[in-house]
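Chemist: Quick one: the structure is below, questions incoming.
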Amino acid sequence: MTKATVFIDGESGTTGLGIRERLDAIQSVTVKSLPADRRRDPAARRDMMAEVDLIVLCLPDDAAKDSCAMAASLGNAEPKVLDASTAHRVDPDWVYGFAEMLPGQADRIAQAKHVANPGCYPTGGIGLIRPLVDAGIIPPDYPITINAVSGYSGGGKAMIGAHDTDGGPAFELYGLGLEHKHVPETTLYGGLTRRPIFVPSVGHYRQGMLVSIPLHLDTLNGKPSGGDLRAILEKWYEGCDLVRVVQPQADGKLEPEALNDTDRLELYVHANEKHRQAVLVARLDNLGKGASGAAVQNIRLMLGLHTGVGAETVHA
């Protein structure tokens, strides 16, 4: 059997290492690498791109754009490209790599030459918002507020180093200039016309994420109950293996680390009908469904590998 070949451009970073580990467990895929001293050599990288079926970009935005241009220069030999940076997430020429986002999205990913891997926070936010917008419950111009907390592994080398070596703060808000790089994709793929307020935070733990969206039920179309919201989400994700709508815990608590080292996404509707308020919550591993896990799911779709280790059911 001929194996599919993949080159991870930027494989030494957190996301790249996670993708490599997952791909090494798939017998039908061979990951090709450059020696450490040649990973910044443009000629070596271009030659490697010409040899593989798909390249994964785990690079800063500008470097990802340069790598895409390098791949495009190969003409008919250009491999498929999965970009894990934010460089192409709202580019209309790229397919957004959230397979469960819409019916048919997995097929669009499978047929695409260029796919943008989603951000971790947007995966939770869009997963909650888009079904309710498409159902007409949340108006596209609704003033959405998204609050989120992540483990420090999603913050890059400087943040990881600060927490691993110096202890880091117990908890901190960041992005308070309200210009976080994940807002454009959340707005676009959430089906929103009004820019949401997004307030991210980081806790002193390595990985795991909660994304929460508070709602006043009487301000939504049709004045739904919490049960109505849950029913819409359950119908939307019916049959999806990796995305599940879960009943709230009786103690009213939710911690962020329960899905660590998995590729799952859990969605919750916490509602108080007496006060007509609700909080939607998404829980995921920011390194799993929020990064490397989503990337490997997209790689499988792009290479036509729908069975075996790590396979999943998504919208047809």
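The values are calculated or read from the model by the stated rules, or taken from the named source; none is laboratory data. Everything numeric here is computed off the predicted structure, so don't read it as measured data. Don't worry about glycine lacking a Cβ; one is built from the backbone with ideal geometry, like all the others, and counts go over all protein chains shown. Just the protein is used for accessible areas: all its heavy atoms, side chains included, with ligands, DNA and RNA removed. Shrake-Rupley method; radii C 1.70, N 1.55, O 1.52, S 1.80 Å.
Chemist: Report, by residue number, each residue of segment 1-16 that is exposed (fewer than 15 other Cβ atoms within 10 Å of the Cβ) and either outside any loop (DSSP other than H, G, I, E, B) or among the hydrophobic types (A, V, I, L, M, F, W, C) (or both).
Modeler: 1
Chemist: Considering each of 225, 212 in turn, give the residue that is surrounded by fewer than 20 Cβ atoms within 10 Å (Cβ to Cβ) and of a type in the set (S, T, N, Q).
Modeler: Exactly one residue qualifies, and that residue is 225.
Chemist: With respect to residue 179, determine if the residue is assigned to a helix (DSSP H, G or I), more than 18 Å from residue 269 (Cβ to Cβ) and within 19 Å of the chain's Cα centre (by Cα).
Modeler: Spelling it out, it is not the case that residue 179 is assigned to a helix (DSSP H, G or I), more than 18 Å from residue 269 (Cβ to Cβ) and within 19 Å of the chain's Cα centre (by Cα).
One line per residue, one yes/no per condition, for (1) modelled with pLDDT of 95 or more; (2) among the small types (Gly, Ala, Ser):
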{"residue": "209", "(1), (2)": "yes, no"}
{"residue": "212", "(1), (2)": "yes, yes"}
{"residue": "220", "(1), (2)": "yes, no"}
{"residue": "223", "(1), (2)": "yes, no"}
{"residue": "233", "(1), (2)": "yes, no"}
{"residue": "238", "(1), (2)": "yes, no"}
{"residue": "241", "(1), (2)": "no, no"}
{"residue": "274", "(1), (2)": "yes, no"}
{"residue": "277", "(1), (2)": "yes, no"}
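Chemist: On the basis of being of a type outside the set (Lys, Arg) and loosely packed, with under 14 Cβ neighbours inside 10 Å, does residue 266 make the cut?
Modeler: no
Chemist: Given the condition of a type in the set (D, E, K, R), under 24 Å from residue 12 (Cα atoms) and free of Cβ contacts under 8 Å to residues at least 24 places away in the same chain, answer yes or no: does some residue in segment 57-74 qualify?
Modeler: Checking segment 57-74: at least one residue is of a type in the set (D, E, K, R), under 24 Å from residue 12 (Cα atoms) and free of Cβ contacts under 8 Å to residues at least 24 places away in the same chain.
Chemist: Please find, among 44, 71, the residue that is over 17 Å from residue 298 (Cβ atoms), in contact with a helix residue (DSSP H, G or I) (Cβ under 7 Å, 6 or more places away or on another chain) and outside any strand (DSSP E or B).
Modeler: 44
Chemist: Contact list please: Cβ distance under 7 Å, first residue in segment 21-48 and of a type in the set (Val, Ile, Thr), second residue loosely packed, with under 14 Cβ neighbours inside 10 Å and not in a loop (DSSP other than H, G, I, E, B), pairs at least six apart or on different chains.
Modeler: 31/24
Chemist: Could you grab me the full set of residues in segment 236-258 that are surrounded by 12 or more Cβ atoms within 10 Å (Cβ to Cβ) and out of contact with any Gly (no Cβ under 7 Å at 6 or more places or on another chain)? Even if it seems obvious, please write down each step before you answer.
Modeler: The first filter runs over segment 236-258 and keeps only residues surrounded by 12 or more Cβ atoms within 10 Å (Cβ to Cβ), leaving 236-237, 240-246, 248, 254, 256-258.
Answer for segment 236-258, where residues must be surrounded by 12 or more Cβ atoms within 10 Å (Cβ to Cβ) and out of contact with any Gly (no Cβ under 7 Å at 6 or more places or on another chain): 236, 237, 240, 241, 242, 244, 245, 246, 248, 254, 258.
Chemist: Got a sec? Which strands (runs of 3 or more DSSP E) wholly within segment 189-255 have at least 1 residues that are under 29 Å from residue 174 (Cα atoms) and of a type in the set (Phe, Trp, Tyr)? Steps first, please.
Modeler: Values: elements: 197-203, 209-216, 243-245.
In segment 189-255, 197-203 are the strands (runs of 3 or more DSSP E) which contain 1 or more residues that are under 29 Å from residue 174 (Cα atoms) and of a type in the set (Phe, Trp, Tyr).
Chemist: How do the pairs read when you match residues in segment 227-238 that are under 17 Å from residue 276 (Cβ atoms) with residues anywhere that are loosely packed, with under 15 Cβ neighbours inside 10 Å, using Cβ under 8 Å and keeping only pairs 6 or more apart or on different chains?
Modeler: Pairs that qualify, where the first residue is under 17 Å from residue 276 (Cβ atoms) and the partner is loosely packed, with under 15 Cβ neighbours inside 10 Å, are 228/222.
Chemist: Under 8 Å between Cβ atoms, which residue pairs at least 6 apart in sequence (or on different chains) link something in segment 112-136 that is surrounded by fewer than 21 Cβ atoms within 10 Å (Cβ to Cβ) with a partner that is of a type in the set (Asp, Glu)?
Modeler: The qualifying pairs are 113/78; 114/83; 114/93.
For (1) assigned to a strand (DSSP E or B); (2) closer than 30 Å to residue 281 by Cα, each residue gets a yes or a no:
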position	(1), (2)
51	no, no
55	yes, no
66	no, no
85	no, yes
103	no, yes
126	no, yes
131	no, yes
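Chemist: If a residue must be open to solvent by 60 Å² or more (accessible area, probe 1.4 Å) and either assigned to a helix (DSSP H, G or I) or among the charged types (D, E, K, R) (or both), how many such residues does segment 23-33 contain?
Modeler: Total satisfying the criteria: 2.
Chemist: Please find, within segment 74-93, the residue that is farthest from residue 44 (Cα to Cα) out of those that are under 16 Å from the mean Cα position of the chain (by Cα) and crowded, with 21+ Cβ neighbours inside 10 Å.
Modeler: Ranking the candidates gives 89 first.
Chemist: Right, another one. Let me spell it out: the conditions are (1) in a loop (DSSP other than H, G, I, E, B); (2) touching a Lys or Arg at 6+ places or on another chain (Cβ under 9 Å); (3) of a type in the set (Gly, Ala, Ser), and residue 136 meets all of them except one. Which number is the exception?
Modeler: Condition (2) is where residue 136 drops out.
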